[in-house]
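Undergrad: Sharing a structure here in structure tokens format.
The values are calculated or read from the model by the stated rules, or taken from the named source; none is laboratory data. Since this is a predicted model, take the numbers as computed values, not measurements. Here the Cβ is made from the backbone with ideal geometry for all residues, glycine too, and neighbour counts use every protein chain on show. Quick note on the areas: whole protein, heavy atoms, side chains included, nothing else; ligands and nucleic acids left out. Shrake-Rupley method; radii C 1.70, N 1.55, O 1.52, S 1.80 Å.
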Amino acid sequence: MDLNGEYRIPAVRKDVWEALNDPEILKQCIDGCEELNKDTDTQFSAKVTAKVGPVKAKFSGKVTLSELDPPNGYKISGEGQGGVAGFAKGGATVKLAEDGDHTVLSYVANAEVGGKLASVGSRLIEGVAKKQADDFFGKFSNILGGDEGEKRDPVVIAETASTEDNVGNENRGLSP
């Protein structure tokens, strides 16, 4: 499953870059995050409890940053094991661009799940992944923007899903 999006964050790019590398800020933004440790400059370890449909699991995993280009962006990839619930792995390319005193953060992400998680269906998993991304960037924007961030909800400027996932959307009034 592939996701992408773009958010206008009420903070300068340097501050957004620093926040994207700060485990305390990231922990506040990740739903269900119980622990997030920066093991090295490019590696984090995490424990996160996630629920996808009827499947709830505690994941332990590693996240690695690569292709670092401060303060313009990086590639992030990770994998987590959820015991009998299965596994999740994926990555994203994150880019930051200045927009006056704001920063436009864009990402292209992919994810894969296996085990019981895979049995709940790709549409449900994609919906949960999109909601988690929206929640993450909403919290991230509010933390960086303070009161301004609270007054201005993060704006999703562009978002698309793969063509395969849009099949049937016209029956629900959604455009592909």
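Undergrad: When Leu174 is evaluated against the numbered criteria (1) at pLDDT below 85; (2) in a helix (DSSP H, G or I); (3) of a type outside the set (D, E, K, R); (4) more than 15 Å from the chain's Cα centre (by Cα), which criterion, by number, is the only one it fails?
TA: Against the list (1) at pLDDT below 85; (2) in a helix (DSSP H, G or I); (3) of a type outside the set (D, E, K, R); (4) more than 15 Å from the chain's Cα centre (by Cα), Leu174 comes up short only on (2).
Undergrad: While we're on this one: Pairs only if they're at least six apart or on different chains, beta carbon under 7 angstrom, first in the range 18-29 and more than 15 Å from Thr42 (Cα to Cα), second among the basic types (Lys, Arg) and part of a helix (DSSP H, G or I); list them, first residue then second.
TA: Filtered contacts from the range 18-29: Gln28/Lys139; Cys29/Lys139.
Undergrad: Criterion first (touching a residue at least 40 places away in the same chain (Cβ under 8 Å) and either farther than 20 Å from Lys27 by Cβ or surrounded by 14 or more Cβ atoms within 10 Å (Cβ to Cβ) (or both)) does Glu98 satisfy it?
TA: Here the answer is yes, as Glu98 does meet what is asked.
Undergrad: Let me confirm something: among Val113, Val84, which residue is part of a helix (DSSP H, G or I) and among the hydrophobic types (A, V, I, L, M, F, W, C)?
TA: The match here is Val84.
Undergrad: Ok, one more. Being touching a helix residue (DSSP H, G or I) at 6+ places or on another chain (Cβ under 7 Å) and at pLDDT below 85 is the filter here, so list the residues in the range 134-151 that pass it.
TA: Those that are touching a helix residue (DSSP H, G or I) at 6+ places or on another chain (Cβ under 7 Å) and at pLDDT below 85: Gly149, Glu150.
Undergrad: Oh, and also: Take the residues in the range 89-100 that are part of a strand (DSSP E or B) and farther than 17 Å from Ser77 by Cα; name whichever of them is nearest to the chain's Cα centre (by Cα). Spell out how you get there, then give the answer.
TA: Here is the first cut: in the range 89-100, the ones part of a strand (DSSP E or B) are 89-99.
In the following step, the residues that additionally are farther than 17 Å from Ser77 by Cα were identified as 96-99.
Working: Leu96: 15, Ala97: 18, Glu98: 20, Asp99: 21 Å.
Across the range 89-100, the extreme among qualifying residues is Leu96.
Undergrad: Here's something else I'd like to know. Out of (1) in contact with a Leu (Cβ under 9 Å, 6 or more places away or on another chain); (2) not in a strand (DSSP E or B), the odd one out for Phe44 is which?
TA: With (1) in contact with a Leu (Cβ under 9 Å, 6 or more places away or on another chain); (2) not in a strand (DSSP E or B) applied to Phe44, the lone miss is (2).
Undergrad: State which residue is most open to solvent (accessible area, probe 1.4 Å) when the search covers only the range 65-91 and only residues that are hydroxyl-bearing (Ser, Thr, Tyr) and modelled with pLDDT of 95 or more.
TA: First, the residues of the range 65-91 that are hydroxyl-bearing (Ser, Thr, Tyr): 66, 74, 77.
Checking the rest, the ones that are also modelled with pLDDT of 95 or more come to 66, 74.
Values: Ser66: 40, Tyr74: 14 Å².
Result: Ser66.
Undergrad: Right, something else. Tell me, which residue of the range 107-142 that is among the polar types (S, T, N, Q) and within 11 Å of the chain's Cα centre (by Cα) is farthest from Gly90 (Cα to Cα)?
TA: Checked the range 107-142; the qualifying residue farthest from Gly90 (Cα to Cα) is Gln132.
Undergrad: Residue check: is Thr103 part of a strand (DSSP E or B) and open to solvent by 40 Å² or more (accessible area, probe 1.4 Å)? Write out each step before concluding.
TA: Numbers: part of a strand (DSSP E or B): yes; open to solvent by 40 Å² or more (accessible area, probe 1.4 Å): no.
Taking the combined requirement at face value, the residue does not satisfy it.
Undergrad: Being among the hydroxyl-bearing types (Ser, Thr, Tyr) and open to solvent by less than 50 Å² (accessible area, probe 1.4 Å) narrows it down to one of Ser119, Ser60, Ser45, so name that one.
TA: The conditions single out Ser45.
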